[in-house]
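Structure record follows, encoded as structure tokens.
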Ligand code: ADP
């Protein structure tokens, strides 16, 4: 990544610049103090020698000695300068290495986030291309026909409409994901009864519930959660949607809510296909779908639901997890704090 490399280079230079300015200031100060001391010592010696009563004839020796003192002073100052210069060269080398490591460390989260963004764009483009390619191929084949019967045209249009539906579902998923990327609006936070969340989420799926003859077993008390109403409904809706999608017709889906201390644990349990143990660590990743959902049973989806659910839970400072036994069913649990805690606020001791 060129952007990151140039940022590492610039940041290294900035850190090194700061280190070198400090080192040079320190050296200048040290030189000044030490040189002043050397001069003061030399002057003291000079004064003492000048005050010495010497017999005539030794005057020349005194002058020579005083001259040698001046030479010594110059030498000591040069020595001092050389040592300080050496110190700065060493600081430059060590500081350069340390600055580089520090710059790498500082930019690591940004690099990771850029890489994740790159992967996301690639995945999203891939998912967008699939229905577009299908539509293009069908239209091209139809256009190659000399005559197109009304029946074939109708088939083509209805197939295109299906692909458009997929594109709409994907863009809706991407929009939902983008909405929760920006965090929660503090003004939207409210105390919401769990009963209300369940009711609103169930309301959205009346049609598939009836179509698949799913039986709902809803168990909750009077517990409440403080959070963003729409996103909490979205959370329950994602889990319920999956439970309906991945369960056989006529099966029972359990929605539960249990208070424990300062938390409420919401559970969605189905008696569906279940999830392989090796898939569980990945199902909350964007665009991840188990092979089974992709191929065998062809369940509609883009692998965005659970990543949205995870984002919502983490915005509320909760945790989400899944337990599953293949062919027996899955249970998703979201543990959410009853009171919303803003990340930047300090908790009382
Ligand atoms: P989508 O359902 O659109 O594929 P999700 O992010 O909601 O995307 O789920 C990711 C994957 O996790 C699904 O493709 C499916 O393989 C698996 N999964 C999620 N919920 C369930 C469930 N209740 N039962 C079985 N598999 C599930």
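Taking other C-beta atoms within 10 angstrom as a stand-in for reagent exposure, 220, 126, 282 fall in the order 126, 282, 220, fewest first.
Determine the gain in length on full extension of the stretch residue 155-residue 190; use 0.36 nm per residue of separation and subtract their C-alpha separation, reporting nm with one decimal.
Using 0.36 nm per residue and subtracting the Cα-Cα distance, I get 7.7 nm.
For the stretch 127-282, a Kirkwood hydrodynamic radius built from all Cα pairs, placed in the Stokes-Einstein relation at 25 °C and 0.890 mPa s, yields a translational diffusion coefficient of 130 µm²/s. Rounded to the nearest 10 degrees, the inclination of helix 2-51 to the longest alpha-carbon principal axis of the chain is 20 degrees. Just to confirm the number: angle between the C-alpha axis of helix 305-315 and the first principal axis of the chain, 0 to 90 degrees, nearest 10? The angle comes out at about 50 degrees.
Here the stretch 30-62 and the stretch 183-260 have alpha carbon centers that stand 92 Å from each other. For the peptides 236-242, 302-308, 164-170, residues were scored by their other Cβ atoms within 10 Å and the scores averaged per peptide; the highest-first order is 236-242, 302-308, 164-170. Between helix 150-181 and the chain there is an angle of about 40 degrees, using the helix long axis and the longest principal axis of the Cα atoms.
If you rank 73, 54 by fewest surrounding Cβ atoms within 10 Å, what's the result? Write out the running numbers ahead of the final one.
Working: 73 18, 54 11.
Arranged by neighbour count, lowest to highest, 73, 54 become 54, 73.
Counting other beta carbons within 10 Å of each residue's own, what order do 34, 99 fall into, fewest first? Mind dumping the intermediate values first?
On the way: 34 16, 99 21.
Exposure proxy ranking, most exposed first: 34, 99.
A crude spin-label estimate for the pair residue 262 and residue 45, with each label 7 Å from Cα along the Cβ direction, gives 7.0 nm.
The Kirkwood radius of the stretch 40-109, taken over pairs of alpha-carbon atoms, gives through the Stokes-Einstein law at 37 °C and 0.692 mPa s a diffusion coefficient of 204 µm² s⁻¹.
Compute the Rg to Rh ratio over the stretch 42-187 from the alpha carbon atoms, using the Kirkwood formula for Rh, and round to two decimal places. Intermediate results must be reported in sequence, preceding the final value.
Working: Rg = 42.5 Å, Rh = 24.8 Å.
Using Cα coordinates only, the ratio equals 1.72.
FYI, it's all coordinate maths here, none of it is from the lab. In this text, all values refer to a predicted model and were calculated from it rather than measured experimentally. Reconstructed Cβ throughout: ideal geometry from the backbone, glycine too, with neighbour counts over all protein chains shown.
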